[in-house]
Every structure is written in structure tokens, then in C-alpha cells.
């Protein structure tokens, strides 16, 4: 369905996804007064003193359920192959987690929610994410994609 949208380069699915993410974050902020940053939602779910676990659990369950439904309706949309070793993937996951903790939030929290609210901290964090990602790609390519 989305592939029939008339867009140069076939970016219709990415555009639709971006619109849905932005719309979801806006609705969550306006309707619940909550920021749709995944690390904050998971962190609040894991903290013992948190009294608002139900919406956090439902939100995370919805993310998983959405992926399952998409896989059932359009398996090719979520098909991928791992092109890196398990140790590389584990290291990458650790670094993402460490960076999320160090930056007081994840890319969705800062990039989608923080920047749209005009947060200077989120703008700096997002620019840092982007610059670091670009540098990582350059280093990986210089090493011949061996990472």
C-alpha cells in the first residue's frame, strides 16, 4: 500500500513511519503529559518505587505487538540478516546502553521528543548521536567493513 505513494526514491515508507512516530509522540505528550522516550519508559518500569507501571507496560507491549502484527501481515517488511558477529552485536548493544545512560536518554527521547520541545540538552545530544554515528560509519568503512 505505502509503496504506491508517489515519492522520488521510494522513501514513502520511511516518511510514513516518521510521521507515525512523531504523531504518536505528540499524542502521548498532549494526552498523557508523558515523553515517549523508550529508555525512560523502560527505566520507570524497572524502578521499584514507580507507581505508574501499567501505562509503561502497555506502551512497551504495544511496541512488541506492533512488530508481531507487521511480521504477520507483511513478513518481508521485517526480514533482515545479521551481517556482524555475535560479539560485535553484543559490544554494540553494550555501547548503545552505556551511551543512553550517559546521555540521560535514548535517540527517540532526545531526537523525537526533546528536540521537538526545544530542549537544548536534547539538541546537543542528537547532534552528538548523529556525528558519532557518521564517524563510526567512516571508521568501519576505512577498516573495510570488518567491524
request  = For n ≥ 4 DSSP H runs only, could you compute -39500 (n - 2.57) per run for the chain, divide by its residues and tell me the 222 nm figure to the nearest 500?
outcome  = -21000 deg cm²/dmol
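Given a cut-off of 14 Å, what percent of all Cα-Cα pairs of the stretch 87-147 lie beyond it?
Details: 1121 of 1830 pairs.
Here the tail beyond 14 Å accounts for 61 percent of pairs.
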ask   = What nm value, rounded to one decimal, do you get for the distance between residue 73 and residue 32 when each label is placed 7 Å out toward the C-beta?
value = 2.1
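Compute the Kirkwood hydrodynamic radius of the chain, taking the inverse of the mean of 1/r over all pairs of distinct Cα atoms, and give it in Å to one decimal.
Evaluated over the chain, this radius sits at 17.8 Å.
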ask   = Residues of the stretch 17-53 with amide nitrogen under 20 Å from the 7 Å Cα-to-Cβ point of residue 92?
value = 38-39
query = How far apart, in nm, are the 7 Å Cα→Cβ label points at residue 129 and residue 52?
reply = 2.1
query = Which of the peptides 19-27, 118-126, 80-88, 62-70 is most tightly packed, and how do the rest follow, judged by the mean count of other Cβ atoms within 10 Å per residue?
reply = 118-126, 19-27, 62-70, 80-88
key: Cα gyration tensor shape for the stretch 63-104, rounded if a/c is under 1.5, else prolate or oblate   = oblate
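No value in this document is a laboratory result; all are computed from the given coordinates. Just so we're clear, the structure is a prediction, and the values are computed from it rather than from any experiment. Note: ideal-geometry Cβ built from the backbone for every residue, glycine included; neighbour counts use all protein chains shown.
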